[in-house]
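Here is the structure we will look at, set down as structure tokens.
The values are calculated or read from the model by the stated rules, or taken from the named source; none is laboratory data. For clarity, every value in this text was computed on a predicted model and none was experimentally measured. Note that each Cβ is placed from the backbone with ideal geometry, even for glycine, and that neighbours are counted across all protein chains shown. Surface areas here come from the heavy atoms of the whole protein model, side chains and all, with no ligands, DNA or RNA. Shrake-Rupley method; radii C 1.70, N 1.55, O 1.52, S 1.80 Å.
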Amino acid sequence: KNDIASTNHVLYSFITLDRRPNPKNPAKKYWNGKALYETMTRGDIIKVMTETHPRWKNPYEWQRSKIAALIDATHDNNAKFIWAIGGWSDLTKTLHDDQIPLFVDKCVELLKLTGDGIDFDWEHLNEDSEIVDEQRTVMAQTMLALRSALDKEGMEDKQVGYTTRFNAFWNNDTKPENYTY
């Protein structure tokens, strides 16, 4: 609790599209549509975070209880707990356009269980030149669809964010206009 006392939000990294993300060689494929995966357990985050009675019925209780304690400590500090989806080790192609509704449904389901928002940490948006435009469009459509779905569910207080890779990876040696060091 003391470690996060000065924070306004805590990002839990990572929930991934790939069940077994590989930081040395991220898979060059799209999401399988089966689940959003918690990287420590490699399990479906919905199953991980579903509280069972008795608790031993959840095979992921060992991790669920740690995450729940972190969420409680975050809320005790009047801060927000945000699920970060993606990361460098995750799938390089993210979602197909037709997978957006299912992905959004899973995010809404997770936020109904617990958490204050979703952060998109899709770091591979510029890695595959053949689909870069598709990925940017899918990203925008996904964020809009998630925001709309949350609002429709009466979850206007839930946050949707984006962690961009562009902040520290310039294409060339020139600094952006009006940038000061």
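Some observations on this one:
- More than 18 Å apart - percent of Cα-Cα pairs taken over the stretch 2-52: 45 percent
- Over the Cα atoms of the stretch 1-90, the radius of gyration divided by the Kirkwood radius equals 1.02; this is the Rg/Rh ratio.
- Eligible lysines near Lys28 by straight Cα distance, threshold 17 Å, same-chain separation 8 or greater: Lys93
- Helix 61-76 and the long axis of the chain differ in direction by around 80°, with both axes built from C-alpha atoms.
- Charge tally in the Cβ shell below 10 Å around Gly87, where Lys, Arg are +1 and Asp, Glu are -1, Gly87 excluded: -4
- Principal-axis tilt of helix 132-152 within the chain, Cα atoms, nearest 10 degrees: 40 degrees
- Cβ-Cβ FRET estimate between Asp72 and Tyr30, R0 fixed at 35 Å, reported to 0.05: 0.50
- Note on the stretch 46-123: with neighbouring protein chains present and a 1.4 Å probe, carbon and sulfur make up 52 percent of its accessible heavy-atom surface.
- Solvent exposure of the stretch 1-148, expressed per residue, is 51 Å² of accessible area, with all protein chains present and a 1.4 angstrom probe.
- Length added when fully stretched, Ile46-Asp97, from 0.36 nm per residue minus Cα-Cα: 16.1 nm
- Selection of GluC sites (Glu not before Pro), the stretch 54-147, meeting DSSP coil and at most 10 other Cβ within 10 Å: Glu130
- Straight-distance crosslink candidates among aspartates and glutamates, where the alpha carbon sits under 12 Å from Lys24 and sequence neighbours closer than 8 are dropped: Asp90
- Sites Trp56 and Ser13 - FRET efficiency at Förster radius 25 Å, r taken between beta-carbons, to 0.05: 0.35
- Overall form of the stretch 49-95 per C-alpha gyration tensor (a/c, 1.5; a/b vs b/c): oblate
- Once the Cα atoms are used to define both axes, helix 100-113 deviates from the longest principal axis of the chain by about 40 degrees.
- The spread of Cα positions in the chain, taken along each principal axis and listed from longest to shortest, comes to 56, 38, 37 Å.
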